[in-house]
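The values are calculated or read from the model by the stated rules, or taken from the named source; none is laboratory data. Values in this document were obtained by computation on a predicted structure and should not be read as measured data. FYI the Cβ positions are ideal-geometry reconstructions off the backbone, even for glycines, and counts take in every protein chain you see.
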Amino acid sequence: MTAMETRMIAGISVPRTKLVERAINYAREACEPYLFNHVMRSWLFAVKIAEVQNATHDAEVLAVGALLHDITLNDRFAGPRRFEVEAADLARNFAIESGLDRRRAQLIWDSVALNSTPSIGLYKETEIALCTTGICLDVVGLGYSLIPRSEVQAIIAEFPRLGMKERMTACFCHIAQTQPETTYDNFVRDFGERLVPGYKASSSVDLVAAAPFDE
């Protein structure tokens, strides 16, 4: 097997392939600057964690999953499904159109769809678990101690956060306000309940009670 060409970004060795370059460009076009920086940091964190843990993985699958995981997270999102699922479909289409087989494309779909569900994603295939870890590190600090602080700071210096906490919160609140039906079983509900006046999503309790069965 021919060794994959690599290059250095913010001190991290990453694959340099046409697929990865296309994914970077797609993310840059689809995401606002703060969000593009977030997906780049998430990818670099994931790659570094794989190195630290000596985790064998498909480097292109990890790259595409991390880079495209938030391509629908913006104030224009209009559903009708969870923003992660909408993004997962776009990412899988991108993968298939780029020539990836169904298995690799499905790993990318899972990486994107589960990116905000670490209670599942961390226990899936290696690529999905790494993707989830890198994303969660950048959003909530999960696994922050796994990477030397100097390397974390180098990545942030290359791709500044640009007020991500505030900007991302605004996106989550927009979804909770305009598409509450997509939030009843995911973390966006937390933002709706805490920050969006009048927010109300379906309750799993009500769904079970309303199931169409005589008992």
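Residues that are outside the structural domain of PRO180 (by TED's automatic domain parsing) and farther than 30 Å from SER145 by Cα: find the helices (runs of 4 or more DSSP H) completely inside the range 1-104 holding 3 or more of those.
Working: elements: 18-30, 33-53, 59-67, 83-97.
Once the helices (runs of 4 or more DSSP H) in the range 1-104 are filtered for at least 3 residues that are outside the structural domain of PRO180 (by TED's automatic domain parsing) and farther than 30 Å from SER145 by Cα, what remains is 18-30, 83-97.
Mind checking whether some residue in the range 132-140 is in contact with a Pro (Cβ under 7 Å, 6 or more places away or on another chain) and either in a helix (DSSP H, G or I) or in the same structural domain as ALA88 (by TED's automatic domain parsing) (or both)? Yes, because at least one residue in the range 132-140 is in contact with a Pro (Cβ under 7 Å, 6 or more places away or on another chain) and either in a helix (DSSP H, G or I) or in the same structural domain as ALA88 (by TED's automatic domain parsing) (or both). Note on the range 189-215: among residues that are among the hydroxyl-bearing types (Ser, Thr, Tyr) and out of contact with any Pro (no Cβ under 9 Å at 6 or more places or on another chain), the one that is nearest to ALA170 (Cα to Cα) is SER203.
Among the criteria (1) free of Cβ contacts under 8 Å to residues at least 24 places away in the same chain; (2) part of a helix (DSSP H, G or I), the one GLU215 does not fulfil is (2).
From TYR123, TYR199, which residue is outside any helix (DSSP H, G or I), farther than 23 Å from ASN54 by Cα and of a type in the set (Ser, Thr, Tyr)?
Working: TYR123 fails: farther than 23 Å from ASN54 by Cα.
Exactly one of TYR123, TYR199 is outside any helix (DSSP H, G or I), farther than 23 Å from ASN54 by Cα and of a type in the set (Ser, Thr, Tyr), namely TYR199.
SER116 fulfils the conditions (1) surrounded by 15 or more Cβ atoms within 10 Å (Cβ to Cβ); (2) part of a helix (DSSP H, G or I) except for a single criterion, (2).
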